[in-house]
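The values are calculated or read from the model by the stated rules, or taken from the named source; none is laboratory data. Note that the structure is predicted; figures quoted are calculated from it, not measured. As a convention, Cβ positions derive from the backbone with ideal geometry for all residues, glycine included, and neighbour counts pool all protein chains shown.
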Amino acid sequence: MPLVSMRQLLDEAAKGGYGVGAFNVNDMEQIQAIMEAAMETQSPVIIQASRGARAFAQDRYLFHLILAASELYPEIPIAMHQDHGNSFETCKSAIELGFTSVMMDGSLKEDGKTPTSFEENVEVTRKVVEYAHPRGVTVEGEIGVLGGIEDGHGAGGTGLEHVTDPDQAVEFAERTGVDALAIAIGTSHGAYKFTKKPDGSVLKMDLLIEIHNRLPHTHLVMHGSSSVPKELQDIVNEYGGKLKETWGVPVEEIQLGIRNGVRKINVDTDNRLAITGAIRKVLWTQPEKFDPRDYMKPARDAMHKVVAQRMTQFGQAGHAGDYAPIAISEIAKGYADGSLSTQPLIAAK
Ligand code: G3H
Ligand code: 13P
Ligand code: ZN
């Protein structure tokens, strides 16, 4: 199957009432783990690459690895997505490379650290939409700022400092025409999200529900959605790791989100933990091993297991064969003739 539009994937998820995991990749083994899980659970999937991933793997390697996945698994719809684009240029280069979807994270300035003004965010996001839609490419925007820092990207802090204002979310969706809207509800990137199991004082699910009620047809995106399971933390620490005690986003809260308009769920940290735990275990218990396949295979298997579990929990499992892919050129026509709407339905306050 050719790479598909993320808009199509999310529209279908909305019809089916499920969420789609967006999993970060940096290398071949992570792509293989995702595809094995997608095949096992018959799930459509979003494979995403950050700027850091593109720099680490080099654009063309990454693009061709994901293309190889689409050739090897023709029955699985795959959207290839730029995660946290920091500028118009980053998004443009992803589109030129062949990504079918981009995130313009205009919540932060180009340095990826400093929060922008609302007007700056609208302006840069709108510019990306104007470039992407005529090319059939999906755009995700972000309003509000997540906490934490990953690989130098992020505003830092707890995640509660810049939660999304619902009035701004409505105006942002209207003025930018984005296909998907990431909102900040108290989560952070990385392993250290919460110091205890989160309740409503730190994870603002009420805010998410309020935004969904105001924008009932807008595809919402939850970033920083790793659950950071204790079992994965324990494996890392059992074999010489030094993770401090921490809590992520409970899967049941994500499922509540999915019942309230969340269609894309970003997960990276859980897979990083699974991979690291598996590699540590081999190197710690079998120090004589030096063939990378001896630890990369268990690492790939561990990520496969986490991804398959999330696919089932998010509800995307079993939906791979529900629809035929629409060519990206047809998606472009849909934006042009208005059959793919870019104006949100807004409900009264
Ligand atoms: O948004 C954060 C993702 O986990 C990607 O992280 O920028 O370290 O590749 P990264
Ligand atoms: P986690 O760090 O919670 O996995 O979040 C990943 C993410 O939001 C990527 O954009
Ligand atoms: Zn993110």
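In the stretch 239-290, what count of residues is obtained for those that are within 16 Å of ligand 2 (Cβ to nearest atom), surrounded by 19 or more Cβ atoms within 10 Å (Cβ to Cβ) and among the basic types (Lys, Arg)?
So the answer is 3.
Any residue at all in the stretch 291-310 that's closer than 21 Å to residue 205 by Cα and either crowded, with 18+ Cβ neighbours inside 10 Å or touching a residue at least 24 places away in the same chain (Cβ under 8 Å) (or both)? So that I can check it myself, show each step before the final result.
Taking the stretch 291-310 as the starting set, the residues that turn out to be closer than 21 Å to residue 205 by Cα are 310.
Of the ones still in play, those that are also either crowded, with 18+ Cβ neighbours inside 10 Å or touching a residue at least 24 places away in the same chain (Cβ under 8 Å) (or both) are 310.
Checked against the condition, which is being closer than 21 Å to residue 205 by Cα and either crowded, with 18+ Cβ neighbours inside 10 Å or touching a residue at least 24 places away in the same chain (Cβ under 8 Å) (or both), the stretch 291-310 yields at least one hit.
If we scan the stretch 312-322, do we find a residue that is on the phi < 0 side of the Ramachandran plot, without any contact (Cβ under 8 Å) to a residue 40 or more places away in the chain and not aromatic (Phe, Trp, Tyr)?
No, that holds for no residue.
Given 46, 34, which one is out of contact with any Lys or Arg (no Cβ under 7 Å at 6 or more places or on another chain) and of a type in the set (A, V, I, L, M, F, W, C)?
Going through 46, 34 in turn, just one is out of contact with any Lys or Arg (no Cβ under 7 Å at 6 or more places or on another chain) and of a type in the set (A, V, I, L, M, F, W, C): 34.
Looking only at the stretch 185-207, count how many residues are more than 17 Å from the chain's Cα centre (by Cα) and either within 16 Å of ligand 1 (Cβ to nearest atom) or within 21 Å of residue 175 (Cβ to Cβ) (or both).
So the count comes out to 2.
Any residue at all in the stretch 159-175 that is in contact with an Asp or Glu (Cβ under 8 Å, 6 or more places away or on another chain) and within 16 Å of ligand 1 (Cβ to nearest atom)?
no
Does any residue of the stretch 18-27 turn out to be at pLDDT 95 or above, within 12 Å of ligand 1 (Cβ to nearest atom), of a type outside the set (Phe, Trp, Tyr) and assigned to a strand (DSSP E or B)?
So far as the stretch 18-27 goes, yes, one or more of its residues are at pLDDT 95 or above, within 12 Å of ligand 1 (Cβ to nearest atom), of a type outside the set (Phe, Trp, Tyr) and assigned to a strand (DSSP E or B).
Answer with yes or no whether residue 105 is of a type in the set (Asp, Glu), within 16 Å of ligand 2 (Cβ to nearest atom) and buried (at least 19 other Cβ atoms within 10 Å of the Cβ).
So residue 105 fits the description; yes.
Step by step: first the residues of the stretch 1-25, then only those that are surrounded by fewer than 23 Cβ atoms within 10 Å (Cβ to Cβ) and out of contact with any Ser or Thr (no Cβ under 8 Å at 6 or more places or on another chain), then the one that is nearest to residue 254 (Cα to Cα). Which residue is that?
18
List the pairs whose first member sits in the stretch 75-92 and is within 16 Å of ligand 3 (Cβ to nearest atom), whose second member is basic (Lys, Arg), and whose Cβ atoms are under 7 Å apart, counting only residues at least 6 apart or on separate chains?
Final answer for the pair search is 84/51; 86/51; 90/51.
Out of the residues in the stretch 181-198 that are farther than 15 Å from residue 229 by Cα and of a type in the set (A, V, I, L, M), which is surrounded by the fewest Cβ atoms within 10 Å (Cβ to Cβ)?
If we take residues in the stretch 181-198 being farther than 15 Å from residue 229 by Cα and of a type in the set (A, V, I, L, M), then 182 is surrounded by the fewest Cβ atoms within 10 Å (Cβ to Cβ).
Can you tell me how many residues within the stretch 114-148 are at positive phi and away from ligand 2 (no atom under 16 Å from the Cβ)?
Count: 1.
For the stretch 208-233, name all the residues that are more than 16 Å from ligand 3 (Cβ to nearest atom), surrounded by fewer than 22 Cβ atoms within 10 Å (Cβ to Cβ) and assigned to a loop (DSSP other than H, G, I, E, B).
216, 217, 229
Give the residues of the stretch 117-141 that are crowded, with 24+ Cβ neighbours inside 10 Å and either touching a Lys or Arg at 6+ places or on another chain (Cβ under 6 Å) or without any contact (Cβ under 8 Å) to a residue 24 or more places away in the chain (or both), sorted by residue number.
Selection gives 138 alone.
Looking at the stretch 30-51 only, could you name the residues that are surrounded by 24 or more Cβ atoms within 10 Å (Cβ to Cβ), part of a helix (DSSP H, G or I) and either within 16 Å of ligand 3 (Cβ to nearest atom) or not hydrophobic (A, V, I, L, M, F, W, C) (or both)?
Selection gives 30 alone.
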